[in-house]
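Here the structure comes first, spelled out in structure tokens, and everything after it is commentary.
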Ligand code: SF4
Ligand code: SF4
């Protein structure tokens, strides 16, 4: 399984102190994505120009002659790069990095067990996220079952864009879902996230109907989803679900993904959709709309 990050002492990915495992690969491609290195299921090379010392060690180490030292830093010919990682191995300043490290289930369980002390004293646990963890069903189910047997609290951070049968299986071994809800209009959902949302909404209803605990996370992006229509439709949909919803976290937009796209050599928001952070007034208005539907919504989380 390719993992692109393991975050320890995480406090925003479910209750208590957690270890969060980021699995590579996602069926969505949201234009504002904070972790674009999680979208591709393949290993990727990242280059941070600001960290580069211009020493040329990576150029010499590259067996495919994919790199060239220029006055602007290191330029890369992606058609020659096999993502072997030799450039990252020799880079003294971590300007070159490889995103995606192969782990076995045993190796990941070992990483998870290292955090048991913190989990136990804080009622924390493990959170599987991505990318989209449900893109790796066998691996995810094995880890969930093994954590369950060891009494470790399990959260799954998911888009729910997956086969209902798989969501049902994952539900049996998950204590808490963290679910992203981006937009209620399927046409615009497809436009901004690459896929329509009907499957997501019906899976969300299924999770709620099954009595599972879940937290909803909505990115608040002015220009995309903070219009009153979308907020009211989101609130109305959530209010229609059985009440196992713990909280709705509204997460004001930041262009964190921009920097990561630069490192990947890809373009952030190529269609130049107008995206901005909503003002505090607008954020508060969104919170109030959710409250008016009886939903516990708050900024952040
Ligand atoms: S990952 Fe390998 S092939 Fe690609 S640039 Fe680095 S050394 Fe060259
Ligand atoms: S090895 Fe690292 S620091 Fe040296 S030129 Fe390559 S990217 Fe820059």
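The values are calculated or read from the model by the stated rules, or taken from the named source; none is laboratory data. As the structure is a computational prediction, the values presented were derived from the model and not from experiment. Cβ atoms come from the backbone with ideal geometry, glycine included; neighbour counts cover every protein chain shown.
Restricting attention to the stretch 1-9, does a residue exist that is at pLDDT below 95 and farther than 28 Å from residue 247 by Cα? Yes, there is a match, as at least one residue in the stretch 1-9 is at pLDDT below 95 and farther than 28 Å from residue 247 by Cα. With respect to the conditions (1) in contact with a strand residue (DSSP E or B) (Cβ under 6 Å, 6 or more places away or on another chain); (2) farther than 18 Å from residue 41 by Cβ; (3) outside any strand (DSSP E or B), residue 155 falls short on a single one, namely (3). Within the stretch 46-68, the set of residues being under 14 Å from residue 262 (Cα atoms) and more than 9 Å from ligand 2 (Cβ to nearest atom) comprises 46, 50.
Looking at this structure, is residue 238 surrounded by 14 or more Cβ atoms within 10 Å (Cβ to Cβ), in contact (Cβ under 8 Å) with a residue 40 or more places away in the chain and either in contact with a helix residue (DSSP H, G or I) (Cβ under 9 Å, 6 or more places away or on another chain) or on the phi > 0 side of the Ramachandran plot (or both)? For residue 238, the condition - surrounded by 14 or more Cβ atoms within 10 Å (Cβ to Cβ), in contact (Cβ under 8 Å) with a residue 40 or more places away in the chain and either in contact with a helix residue (DSSP H, G or I) (Cβ under 9 Å, 6 or more places away or on another chain) or on the phi > 0 side of the Ramachandran plot (or both) - is met.
Considering the stretch 69-80, the residues that are free of Cβ contacts under 8 Å to residues at least 40 places away in the same chain and assigned to a helix (DSSP H, G or I) include one that is nearest to ligand 2 (Cβ to nearest atom), namely 80.
One residue alone among 112, 98 is closer than 12 Å to residue 147 by Cα and either in contact with a helix residue (DSSP H, G or I) (Cβ under 7 Å, 6 or more places away or on another chain) or in contact (Cβ under 8 Å) with a residue 12 or more places away in the chain (or both), and that residue is 112. Do we have any residue at all in the stretch 41-48 that's out of contact with any helix residue (DSSP H, G or I) (no Cβ under 8 Å at 6 or more places or on another chain) and either assigned to a loop (DSSP other than H, G, I, E, B) or not assigned by TED's automatic domain parsing to the domain that holds residue 192 (or both)? Yes, the stretch 41-48 contains a residue that is out of contact with any helix residue (DSSP H, G or I) (no Cβ under 8 Å at 6 or more places or on another chain) and either assigned to a loop (DSSP other than H, G, I, E, B) or not assigned by TED's automatic domain parsing to the domain that holds residue 192 (or both).
If you filter the stretch 88-114 down to residues that are within 16 Å of ligand 2 (Cβ to nearest atom) and surrounded by 14 or more Cβ atoms within 10 Å (Cβ to Cβ), you find that the one that is nearest to residue 140 (Cα to Cα) is 99.
One line per residue, one yes/no per condition, for (1) within 16 Å of ligand 1 (Cβ to nearest atom); (2) under 18 Å from the mean Cα position of the chain (by Cα); (3) over 30 Å from residue 253 (Cβ atoms):
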{"residue": "34", "(1), (2), (3)": "no, yes, no"}
{"residue": "45", "(1), (2), (3)": "yes, no, no"}
{"residue": "48", "(1), (2), (3)": "yes, no, no"}
{"residue": "89", "(1), (2), (3)": "yes, no, yes"}
{"residue": "109", "(1), (2), (3)": "no, no, yes"}
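Of all residues in the stretch 211-233, those satisfying the criterion of being modelled with pLDDT of 95 or more, assigned to a loop (DSSP other than H, G, I, E, B) and touching a helix residue (DSSP H, G or I) at 6+ places or on another chain (Cβ under 7 Å) are 224, 226. Residues in the stretch 118-129: is at least one assigned by TED's automatic domain parsing to the domain that holds residue 169, part of a helix (DSSP H, G or I) and touching a strand residue (DSSP E or B) at 6+ places or on another chain (Cβ under 8 Å)? So far as the stretch 118-129 goes, yes, one or more of its residues are assigned by TED's automatic domain parsing to the domain that holds residue 169, part of a helix (DSSP H, G or I) and touching a strand residue (DSSP E or B) at 6+ places or on another chain (Cβ under 8 Å). Against the test of being surrounded by 14 or more Cβ atoms within 10 Å (Cβ to Cβ) and in a loop (DSSP other than H, G, I, E, B), the options 267, 195 yield a single qualifying residue, 195.
The residue that is farthest from residue 144 (Cα to Cα), counting only those in the stretch 65-87 that are more than 9 Å from ligand 1 (Cβ to nearest atom) and loosely packed, with under 12 Cβ neighbours inside 10 Å, is 71. Every condition in (1) assigned to a loop (DSSP other than H, G, I, E, B); (2) crowded, with 17+ Cβ neighbours inside 10 Å is met by residue 55 except one, and the failing one is (2).
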